[in-house]
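**Student:** Below: one structure in structure tokens.
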Amino acid sequence: MNWISNYVRPKINSLFSRREVPENLWTKCPECGTMLFHRELSDNLNVCTSCDHHMAISPRDRFRALFDGGIFTEIKVPEPVADPLHFKDQKKYPERLKGAQKATGEKEAMLVAEGEMGRTPIVAVAQDFSFMAGSMGMYVGNAMISAAERAVKLKRPMILFSAAGGARMQEGILSLMQMPRTTVAVQMLREARLPYIVVLTHPTTGGVTASYAMLGDVQLSEPNALICFAGPRVIEQTIREKLPEGFQRAEYLLDHGMLDRVTHRKSLRDELITIVRMLTGQPPAVKGDLPAPSEAAPMAEGQQAEAPKAPAPKA
Ligand SMILES: [Zn+2]
């Protein structure tokens, strides 16, 4: 028995786990079923190359794509009280948290950073749906407040990428209190006359939709994102009526005036740069790299036409 459990079983397991590795290099698009190579997929910002379906993207990957050269500085978020209700369902809350931390490599469901996007300084916040469904707990509330405080201090606009299943049940009423808290954070930006731009990503639901994710000066969304307070299934069961097609999806909400724009993930960065620069009265962004300073100097002074002529009389 010992020989079987100590030697044979691990051997068999290792054989099977070895076979899983190449499979992890491929992701199946949930929309069209195409197998996508992981590098190709991440180069395309997790958008399916064959059907344009927008898959989830981690806040860190999003920031790498958003900020110039992928460089950003994380903003520290004050640690809230851990497990104040000593909550337990099938698992204890701290165990669930640890599991999510291990699975995502992140500390919590929200990442806050400052940096430049097209040489435009901003503060950005991104929510992580893979971390306990991006649920809004005290940490997320603290993150929104830290981000807003930092934006006010640096006089920078703030951009939010939302994704959430709603409030974090394990924190009970304390998670619901984050709705007014984050609303106050957004108000701080308003009072400082700084733009607050929201990019809704799939899915943004519940208490998050009922607070900071709907308070943007400009409301953008990624295509086909589900954006709602109560989900379509719950509504259908309650009113016992069939809902219209595309109900609560980004395009439907755009048609009904709840959003300003639905933007493809690949055009999002350029569009955010344009919006931020327009709202803060900055000139349009310079596309591409600037020429080297030595070449740029005569052009800037308007000597461009004279410079080539100078050696001519000598000859
Ligand atoms: Zn696809």
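Bear in mind that the values in this text are calculations on the coordinates, not laboratory data. Computed from a predicted model, the values in this text were never measured in an experiment. Cβ atoms come from the backbone with ideal geometry, glycine included; neighbour counts cover every protein chain shown.
**Student:** List pairs: first in segment 230-245 and on the phi < 0 side of the Ramachandran plot, second among the polar types (S, T, N, Q) and surrounded by 10 or more Cβ atoms within 10 Å (Cβ to Cβ), Cβ under 7 Å, 6+ apart or cross-chain?
**Tutor:** Listed by first residue and then by second, the contacts come to Gly231/Thr205; Pro232/Gln248.
**Student:** Could I ask something else about it? Of the residues that make up segment 83-104, is at least one under 21 Å from the mean Cα position of the chain (by Cα), buried (at least 24 other Cβ atoms within 10 Å of the Cβ) and in contact (Cβ under 8 Å) with a residue 40 or more places away in the chain?
**Tutor:** Within segment 83-104 (the criterion being under 21 Å from the mean Cα position of the chain (by Cα), buried (at least 24 other Cβ atoms within 10 Å of the Cβ) and in contact (Cβ under 8 Å) with a residue 40 or more places away in the chain), the answer is no, since none of the residues qualifies.
**Student:** So, in segment 170-195, of the ones that are touching a residue at least 40 places away in the same chain (Cβ under 8 Å) and hydroxyl-bearing (Ser, Thr, Tyr), which residue ends up farthest from Ala213 (Cα to Cα)?
**Tutor:** So, considering only residues that are touching a residue at least 40 places away in the same chain (Cβ under 8 Å) and hydroxyl-bearing (Ser, Thr, Tyr), the one farthest from Ala213 (Cα to Cα) is Ser175.
**Student:** Let me ask something else. Here are some residues: Leu189, Leu154, Leu111, Leu174. Which one is within 24 Å of Ala250 (Cα to Cα) and either among the aliphatic types (A, V, I, L, M) or surrounded by fewer than 20 Cβ atoms within 10 Å (Cβ to Cβ) (or both)? Lay out the reasoning, then the answer.
**Tutor:** On the way: Leu189 fails: within 24 Å of Ala250 (Cα to Cα); Leu154 fails: within 24 Å of Ala250 (Cα to Cα); Leu174 fails: within 24 Å of Ala250 (Cα to Cα).
Result of the check over Leu189, Leu154, Leu111, Leu174: Leu111.
**Student:** Suppose the filter is buried (at least 18 other Cβ atoms within 10 Å of the Cβ), within 16 Å of the ligand (Cβ to nearest atom) and in contact (Cβ under 8 Å) with a residue 24 or more places away in the chain; does Cys29 pass it?
**Tutor:** Details: buried (at least 18 other Cβ atoms within 10 Å of the Cβ): yes; within 16 Å of the ligand (Cβ to nearest atom): yes; in contact (Cβ under 8 Å) with a residue 24 or more places away in the chain: yes.
Yes.
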